[in-house]
């Protein structure tokens, strides 16, 4: 069962995503904040990361960029999500694999998660 790491500071949104993806057969680690993304990655070894662009005042795009530039994590697909899609497009690509603008359809998210993890058993 693929592991998905979700970082978003909106606890209600985090709970919805976690519950939905678990119902689809994924193991989900959900957290509203991290001091060190690499500790989370090392500890949980996710096959996919879903990351909010603005998380507790931090730039999730920069977190994504750091993930993608590090050889130990560059292979992990990242779905970057944000309600500020125009801002994302004006700032450029942070190396994410997929960008989803909030609000988005959970079925669309599921299709991307399934494709990026190559999980056919769901």
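Would you mind estimating how fast the chain diffuses translationally, via Stokes-Einstein at 37 °C and 0.692 mPa s with the Kirkwood radius over Cα pairs, in µm²/s?
So the translational diffusion coefficient is about 230 µm²/s.
So what is the relative contact order for the chain, in percent, with contacts set as C-alpha pairs under 8 Å and at least six apart?
Once normalised by length, the contact order is 24 percent.
Rounded to the nearest 0.05, what FRET efficiency is calculated for residue 38 and residue 110 with R0 set to 22 Å and r the Cβ-Cβ distance?
Calculated transfer efficiency: 0.20.
Tell me the mean residue ellipticity at 222 nm calculated for the chain from its helices only (DSSP H runs of n ≥ 4, each -39500 (n - 2.57), averaged over every residue, nearest 500).
-12000 deg cm²/dmol
What ranking do 34, 39 get, fewest neighbouring Cβ atoms within 10 angstrom at the top?
The fewest-first ordering by Cβ neighbours comes to 39, 34.
Tally the DSSP beta bridges in the chain and give the antiparallel ones as a percent, rounded to 5.
Given both bridge residues lie in the chain, the antiparallel proportion sits at roughly 10 percent.
For a quick protection proxy, order the peptides 66-75, 23-32, 49-58 by their average other-Cβ count within 10 Å, most packed first.
Result, highest mean first: 49-58, 23-32, 66-75.
None of the figures in this text is laboratory data; all of them are computed from the coordinates on show. Just so you know, these numbers come straight off a predicted model, no measurement behind them. Neighbour counts are summed over all protein chains in view; Cβ atoms, including those assigned to glycine, are modelled from backbone coordinates with ideal geometry.
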